[in-house]
Ligand code: AMP
Ligand code: GLY
């Protein structure tokens with residue numbers, strides 16, 4: 001089977017690495033890919049949101065499956081584009097329809113979906129510029145910290161947690177007036193959920209589902225969870241506090257009603273669903289849905305899957321996932337992101353990376369890297385995701401950090417405390 005993966009991050013390298021292990025694979029293309037995916041298949045210079053260019057490539061190269069890594073093409077409707085096209089509709093695409101992708105693309109849609117299907121989440125209200133005053137009154141009924149969320153995609157920056165009412169009222173106005181462009185024309189005010197976060201990953205064909213291992217990621221740039229939010233600085237799977245009882249609650253109260261809700265509302269959904277959860281005194285609440293695998297969670301979760309991922313994707317595309325089961329490696333995986341100096345703010349690119357030849361007991365997933373004249377250089381804020389297995393978290397982290405230290409590039413930065421709170 002000829003497969004095209006869309007995306008260029010650590011998640012896509014991990015997907016490429018996992019799919020490469022499948023006996024069903026005959027050739028692999030990654031668009032646009034990075035220096036890591038280039039070792040597993042052919043990188044293709046294509047934008048993930050240029051659907052006509054993707055169509056030409058898919059038809060010219062007889063691609064038999066497209067796996068979508070990031071959310072942008074999904075929210076822009078790549079699934080619907082394929083379904084509506086006479087030549088493309090037979091080619092399986094792993095990812096939800098545009099409406100399904102609204103679970104990530106619109107906080108308002110996600111909250112209303114959860115209310116319709118009785119899925120536990122924070123109390124909330126949608127506000128627009130016209131109803132600003134209502135928003136102010138609503139904020140007064142809440143306790144700090146105040147949670148304001150831009151409705152649309154805002155590159156992971158659209159959620160504000162504010163300590164004072166005055167600040168919250170002001171920020172609400174600034175958001176509605178275009179702080180995040182159109183993405184914050186609607187703002188969701190949410191009740192703050194106190195607890196510890198984790199994420200659960202689901203693969204679904206829209207009818208049945210398989211629950212992939214859970215993971216915890218570390219979003220802040222600084223140690224001790226301080227400083228600015230990033231795309232994610234590291235991840236651990238499994239999560240020790242997610243015991244059987246908690247995970248059963250997640251399945252019964254969240255995963256089952258979510259998949260049943262998609263089915264009931266005739267929302268086509270063939271792909272990953274990422275459920276961001278807060279564990280509030282042992283009970284799970286949804287903080288966010290994403291319509292894809294996480295990054296860097298994917299670099300910790302996918303290595304734990306022993307089953308053939310391509311075989312599972314085929315079952316998803318045929319709506320036969322109920323016939324499949326998942327074999328999971330019981331060991332712990334940790335992954336740590338090596339990032340460019342300055343990230344998540346401005347950073348430089350093009351720094352030569354050394355020390356990749358000998359990963360030791362780790363797997364190095366590339367994120368922001370590219371090949372220039374045969375050398376691997378930095379090409380993004382998040383550069384590499386160093387992953388290792390261990391019998392427990394301590395062993396996995398020791399292996400990860402040993403490799404992380406050996407890799408060299410100018411301005412290398414990483415958190416040395418991944419897993420500190422577990
Ligand atoms: P989101 O983009 O929705 O994942 O939000 C970003 C981060 O804000 C989450 O990972 C949480 O740490 C935090 N957050 C979002 N919503 C809430 C909430 N209702 N209560 C507490 N923390 C939240
Ligand atoms: N690491 C967070 C995400 O993938 O959304």
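Within segment 141-159, if we keep just the residues that are within 21 Å of residue 294 (Cα to Cα) and part of a strand (DSSP E or B), the residue that is nearest to ligand 2 (Cβ to nearest atom) turns out to be 159. With respect to residue 375, determine if the residue is touching a strand residue (DSSP E or B) at 6+ places or on another chain (Cβ under 7 Å), free of Cβ contacts under 8 Å to residues at least 24 places away in the same chain and under 21 Å from residue 43 (Cα atoms). Taking the combined requirement at face value, the residue satisfies it.
Look through 48, 30 and report the one residue that is assigned to a strand (DSSP E or B) and on the phi < 0 side of the Ramachandran plot.
Answer to the selection: 30.
Candidates in segment 294-310 are the residues that are part of a loop (DSSP other than H, G, I, E, B) and over 22 Å from residue 100 (Cα atoms); of these, the one that is nearest to ligand 1 (Cβ to nearest atom) is 296. Tell me, please, whether a residue that is crowded, with 18+ Cβ neighbours inside 10 Å and within 16 Å of ligand 2 (Cβ to nearest atom) can be found in segment 160-178. Within segment 160-178, none of the residues are crowded, with 18+ Cβ neighbours inside 10 Å and within 16 Å of ligand 2 (Cβ to nearest atom). For segment 19-58, the set of residues classified as under 18 Å from residue 309 (Cα atoms) and surrounded by fewer than 17 Cβ atoms within 10 Å (Cβ to Cβ) consists of 20, 21, 23, 24, 26, 27, listed by residue number. Just one residue in the set 286, 291 is surrounded by 20 or more Cβ atoms within 10 Å (Cβ to Cβ) and more than 12 Å from ligand 1 (Cβ to nearest atom); that residue is 291. Taken over segment 267-318, the criterion of being touching a helix residue (DSSP H, G or I) at 6+ places or on another chain (Cβ under 8 Å), under 18 Å from residue 252 (Cβ atoms) and away from ligand 2 (no atom under 15 Å from the Cβ) is satisfied by 279, 282, 283, 284.
Answer with yes or no whether residue 363 is under 24 Å from the mean Cα position of the chain (by Cα), in contact (Cβ under 8 Å) with a residue 40 or more places away in the chain, buried (at least 24 other Cβ atoms within 10 Å of the Cβ) and not in a loop (DSSP other than H, G, I, E, B).
Numbers: under 24 Å from the mean Cα position of the chain (by Cα): yes; in contact (Cβ under 8 Å) with a residue 40 or more places away in the chain: yes; buried (at least 24 other Cβ atoms within 10 Å of the Cβ): no; not in a loop (DSSP other than H, G, I, E, B): yes.
For residue 363, the condition - under 24 Å from the mean Cα position of the chain (by Cα), in contact (Cβ under 8 Å) with a residue 40 or more places away in the chain, buried (at least 24 other Cβ atoms within 10 Å of the Cβ) and not in a loop (DSSP other than H, G, I, E, B) - is not met.
All of the numbers you see were taken from the coordinates with simple rules; none came from a lab. These figures come from a predicted structure and were not determined experimentally. Every residue, glycine among them, receives a Cβ derived from its backbone with ideal geometry; neighbour counts consider all protein chains shown.
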